[in-house]
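The values are calculated or read from the model by the stated rules, or taken from the named source; none is laboratory data. Only a predicted model underlies this, so the values are computations on that prediction, with no experimental measurement involved. For neighbour counting, all protein chains shown are included, and Cβ atoms are generated from backbone atoms with ideal geometry for every residue, glycine included.
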Amino acid sequence: MIKELRLTVAKSWVLFFATFLCFGNPGPPWAQTDPQGALDSFYLECGALSSDTLVMGLRFSCDNTDSNKIVGFGMPVLITVSNDALVQLDTTLASTFAGSMVERFAIKSTATDTTGGADPSVSPVHFVMGAVALFDSGVTGTGLFANLKLVLNGDSTTITLDTLSTALLTPSLVTEVAVGYTPGWSPTGFGCGPIGSVKEQKRGTGSNLPRDFSLGQNYPNPFNATAVIEFTLPRTSAVNLQVFNILGQKVVTLVDETLEAGYKQVAWDGKDQKGNPVASGVYFYRLRAGDSFSDMKKMQLVR
């Protein structure tokens, strides 16, 4: 079975076009069994986009209970970049798994493979990622699995992502009770719209760094074109900043990455994840940072 999911985004000079192909291999019965349901799936979100770097977050949604968490991941992905625009795919462990749900796993691995292309500076590149918890507890719920960080060069480019299995590895998961199965691509949850670029306010260094996490009120408020949101981090932390409408539906993810300590600033241009302008009204923005900090504030958009 082949599943194809597409999304497009245009941001300055970069055109992003992703096609996800899951090549189903019938295999043994256990390979097609989800112990807790049918909700285990990967999906993609853009994390940070600068003039020459695109960071794509490969995320995972899992419905497994606390008594049968995921303790092993395997994900081979073929990355194709058009117009000879690929300068380098960052395959380092530190970059790939920074801020991810598997960052604490005992064994993590990244490699390129000759099945689809082993040179990280030449398209296509076959990027193979995996992680195993060993004696530590597993993970469940929704979170970041890996970062796909590409340095690009050129006026425009098309990026395609496909699953491509090797002789030893297919997209796979293993749970605490040693049940293995094949995840799928989520038909929903894809987002790759304009993402706010985080700016460092540079108001503190060393002993002048903030002592606590905080989320400031946006300004101006109400706003018409752009809302500026500021927050502080006392230490390096995984940060997630999202905007929701009055119904509680996610509108856009502004930040989803690991940031160093400091005074931060990000702007929202009043557009949703697909780059479409949203209607006037009341919106909420929520910051999650570190292990436990969470705060939400209200803002008003007036067209």
I need a count of the residues in region 206-258 that are polar (S, T, N, Q) and assigned to a loop (DSSP other than H, G, I, E, B). 8
Counted residues, region 104-127 - those being farther than 30 Å from Asp291 by Cβ and crowded, with 16+ Cβ neighbours inside 10 Å: 9
Residues located in region 214-234, provided they are at pLDDT below 90, surrounded by fewer than 16 Cβ atoms within 10 Å (Cβ to Cβ) and within 26 Å of Gly99 (Cα to Cα): none
Could you count how many residues in region 259-299 are surrounded by 15 or more Cβ atoms within 10 Å (Cβ to Cβ) and not in a loop (DSSP other than H, G, I, E, B)? 19
Which residue pairs have Cβ atoms closer than 6 Å, lie 6 or more positions apart in sequence or on different chains, and pair a first residue in region 88-109 that is without any contact (Cβ under 8 Å) to a residue 60 or more places away in the chain with a second residue that is hydroxyl-bearing (Ser, Thr, Tyr)? Thr91/Thr110; Leu93/Thr110; Thr96/Thr110
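Of the residues that make up region 252-269, is at least one farther than 28 Å from Ser100 by Cβ and out of contact with any Asp or Glu (no Cβ under 8 Å at 6 or more places or on another chain)?
no
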